[in-house]
1. If Lys and Arg each add +1 and Asp and Glu each add -1, what is the summed charge of the other residues whose beta carbon sits under 11 Å from the beta carbon of A130?
2. Taking 20 °C and 1.002 mPa s as the conditions, I'd like the Stokes-Einstein D for the chain in µm²/s, using the Kirkwood hydrodynamic radius from alpha carbon pairs.
3. For the chain, modelled as a Gaussian network with Cα springs under 10 Å, which listed residue fluctuates most, P92, P185, P131?
4. What residues have an amide H closer than 5 Å to that of K72, excluding those fewer than 5 places away on the same chain, when H is modeled at 1.01 Å from N in the peptide plane?
5. Size of the dipole of the stretch 126-282 about the Cα centre, Lys and Arg at +1 and Asp and Glu at -1 on the beta carbon, nothing else charged, in debye to 20?
6. In nm, what is the difference between 0.36 nm times the number of residues separating R271 and E141 and their Cα-Cα distance?
7. Can you bin the stretch 23-63 into rounded, prolate or oblate? Criterion: square roots of the alpha carbon gyration tensor eigenvalues sorted a ≥ b ≥ c, rounded for a/c under 1.5, prolate for a/b above b/c, oblate for the rest.
8. To the nearest Å, what is the center-to-center distance of the stretch 153-198 and the stretch 31-75, using C-alpha atoms only?
Amino acid sequence: MQRSEIPGHSEPIPDASSAAAILEVARAFVGARRAAAPLAAFPGALPADLATAYAVQDAALGLWQDRIVGWKVGLIPPPTQAALGAVRLTGPIFHRGLIESSAGPVNLTAIPGGFAAIEAELLLAARADAPQRKTQWTMAEAAEFAGDWHFGMEFAASPLATINELGATAVISDFGNNSGLVVGPRLDGAPVADPDQLSFEAKIDGRPVGAASAASLPGGPLEALRFVLGHLAERGRPLRAGQWVSTGAITGVHQIFPGQHGSVELLGRGRIDVRVRAAVAAGAYFG
């Protein structure tokens, strides 16, 4: 069996035709994002396992012309966790998609006919470069590695409208279904020490669509950090000082469409307001 490689992926692909198929899927997603054009269906064979899905993601990273400034973490739907052998997944956050929140609404853009959602999140900035080969982390080690904590919003968006319906391997294939991160106020102290006290609310066009505390994240935000530290080391992409980690959707994944306004609020700590517009070609996808 011939072994082949794809750009940006550290492990050889067993079959050259598989490598070509993986690269073709990556090109389709990257091309659709650049053209701000929706995809009618998954562009090729849906990856059957996480290794193939991350191979697609790595190939797309080799094609995308922007630097990684962080990583989003999401939950794999519980019914498929055992079959896929994982609880969480991850995807890159790019420089052009990183936005500091402001007093007024933040402008975001979504591909008409694709998918877009807002998510209330706890974010952290890495304190230092993670060791390149350290793939096993304890919760205590992860806590020591965390820098400042912030309240924020993930903008989850893709040219594929059915991306979440297709499951984790589809999500991973398209940059983890991430299209931006809005960084809100810094949180004093150690906010993850008492997650029940951190209450979040999300609204779209002024209508409440979700409410929960940070305790709703299975394992908590530190477990998300522990996971991503080991996961990225296994992929040869260890977390770097200053990179962001978005630890998971607290109130849920709230679909939003061009023309709508959304907000996420950490009660008593701050609110982020956004308005979503239709994306156009030539790199305007990230607003």
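1. Numbers: positive: R127, R133, K134, R237, R240; negative: D129, E141.
Charge balance near A130 sits at +3.
2. Numbers: Rh = 18.9 Å.
The estimated diffusion coefficient comes to 113 µm²/s.
3. Evaluated over the chain, the most mobile residue of the options is P131.
4. Here the answer is G91, I93, S246, since their amide H atoms fall under 5 Å of that of K72.
5. Details: 14 positive and 16 negative charges, 80 e Å.
I would put it at about 380 debye.
6. Details: separation 130, 0.36 × 130 = 46.80 nm, distance 3.07 nm.
So the extension gain works out to 43.7 nm.
7. Oblate is the answer for the stretch 23-63, as a/c is 1.5 or above yet b/c matches or exceeds a/b.
8. Each part's Cα centre sits 15 Å from the other's.
The values are calculated or read from the model by the stated rules, or taken from the named source; none is laboratory data. Note that the coordinates shown come from a computational prediction; the quantities given were computed from them, not determined experimentally. Heads up, the Cβs are rebuilt from the backbone with ideal geometry, glycines too, and the neighbour counts pull from every protein chain shown. We work out accessible area using only protein heavy atoms, side chains counted, and drop any ligands, DNA or RNA first. Shrake-Rupley method; radii C 1.70, N 1.55, O 1.52, S 1.80 Å.
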